[in-house]
Amino acid sequence: MDIFLKTNLDTSTFLLTGFPGLEQSYVWIAIPFSSIYAMVLLGNCLILHVIRTEQSLHEPMFYFLAMLALTDLCMGLSTVHTVLGILWGLSSDISLNVCIGQSFFIHGLSFMESSVLLAMSFDRYIAICNPLRYSSILTNARIIKIGAVIIIRSFLFITPVIIRLKFFHYCRPHVLSHSFCLHQDLLRLTCSDIRFNSFYALGLVICTLMLDSVLILVSYVLILKSVLAIASREERLKSFQTCVSHICAVLVFYIPIISLTMVHRFGKHLSPIVHVLMGNIYILFPPLMNPVIYSVKTQQIRSKIQRFFSWQRY
């Protein structure tokens with residue numbers, strides 16, 4: 001009843017749920033979450049720094065990796081203030097405008113990450129299937145154009161549904177089910193006509209995440225076909241190894257999305273904490289793991305980081 005009264009006194013303020021049932025343990029939960037956010041920021045900033053300062057890494061493959069690291073960094077920054085604000089007891093309230101802005105960046109950055117992974121699969125396809133024309137196809141000018149298309153595709157198309165959130169009438173208790181704002185979470189609280197948002201959002205997911213995943217799969221089918229045609233076992237292994245990091249990044253991104261979708265669709269009976277944890281995994285797992293994957297699996301990045309820390313030590 002108190003929550004109902006609190007969240008209906010001010011129609012422009014919403015209450016972030018956090019981790020229901022674990023309120024007494026927030027101090028302990030805050031420690032690993034703070035550590036994860038710190039590692040997200042450190043790992044992705046380190047990747048960006050190494051790529052920017054090492055001339056030998058100024059190649060298409062690493063430009064796309066820099067885009068991925070920047071996307072992951074922004075994803076971490078977009079949620080850190082609300083998640084840690086709740087856990088450290090600073091604030092659990094969020095204004096409608098801030099909530100809409102956070103929703104815009106979370107969903108836009110998710111689409112952007114999917115687009116970058118698609119561009120990286122295109123890069124691997126050209127490198128393996130058409131290596132002699134690699135540098136002539138992926139020129140700096142073309143990479144800039146690809147980056148611009150990725151940004152426009154990710155944020156421009158999502159703008160109509162996000163803007164409409166501002167003009168909805170929120171008649172239900174203003175309690176959000178996560179530690180951050182999501183488009184579908186706000187729709188659940190409104191009494192306005194949401195048909196446009198629902199259908200548009202579904203079409204956007206199909207035209208971005210699903211289409212990107214299909215195109216990535218097609219690119220690897222073509223890569224596999226090309227690699228198997230190579231006579232030398234050593235050359236086949238070398239070609240496969242250049243794709244391992246990207247394949248891991250794709251799995252790290254899509255598995256949490258699929259798992260979160262399955263939980264929302266078939267896990268109505270599950271505890272709310274399961275939904276909250278899956279939402280946080282979806283937000284934090286890719287930004288946390290991608291720097292680790294590329295630091296371990298990419299020899300050029302690994303050697304530069306090792307040299308960086310060796311230099312810092314002395």
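The values are calculated or read from the model by the stated rules, or taken from the named source; none is laboratory data. Everything numeric in this text was worked out from a predicted model, so none of it was measured. Cβ atoms come from the backbone with ideal geometry, glycine included; neighbour counts cover every protein chain shown.
How many of the residues making up the range 10-66 are among the hydroxyl-bearing types (Ser, Thr, Tyr), within 20 Å of Ile86 (Cβ to Cβ) and outside any helix (DSSP H, G or I)? Qualifying residue count for the region: 3.
Of the residues examined, Leu222 is not one that is at pLDDT 90 or above, more than 24 Å from Cys129 (Cβ to Cβ) and of a type in the set (A, V, I, L, M). Would you mind stating whether Ile94 is assigned to a helix (DSSP H, G or I), of a type in the set (A, V, I, L, M, F, W, C) and either modelled with pLDDT of 90 or more or surrounded by fewer than 20 Cβ atoms within 10 Å (Cβ to Cβ) (or both)? Judged against the criteria, Ile94 is not a match. Could you please let me know if Asp185 is at pLDDT below 90, surrounded by fewer than 17 Cβ atoms within 10 Å (Cβ to Cβ) and more than 25 Å from Pro131 (Cβ to Cβ)? Criteria not met by Asp185.
Does Thr71 meet the test of being among the hydroxyl-bearing types (Ser, Thr, Tyr) and surrounded by 21 or more Cβ atoms within 10 Å (Cβ to Cβ)? Yes, satisfied. Summed over the range 154-172, the residues that are assigned to a loop (DSSP other than H, G, I, E, B) and crowded, with 16+ Cβ neighbours inside 10 Å give a count of 4.
If I ask for residues that are among the hydroxyl-bearing types (Ser, Thr, Tyr) and more than 30 Å from Leu57 (Cβ to Cβ), which ones from the range 132-176 would you list? Answer for the range 132-176, where residues must be among the hydroxyl-bearing types (Ser, Thr, Tyr) and more than 30 Å from Leu57 (Cβ to Cβ): Thr159, Tyr170.
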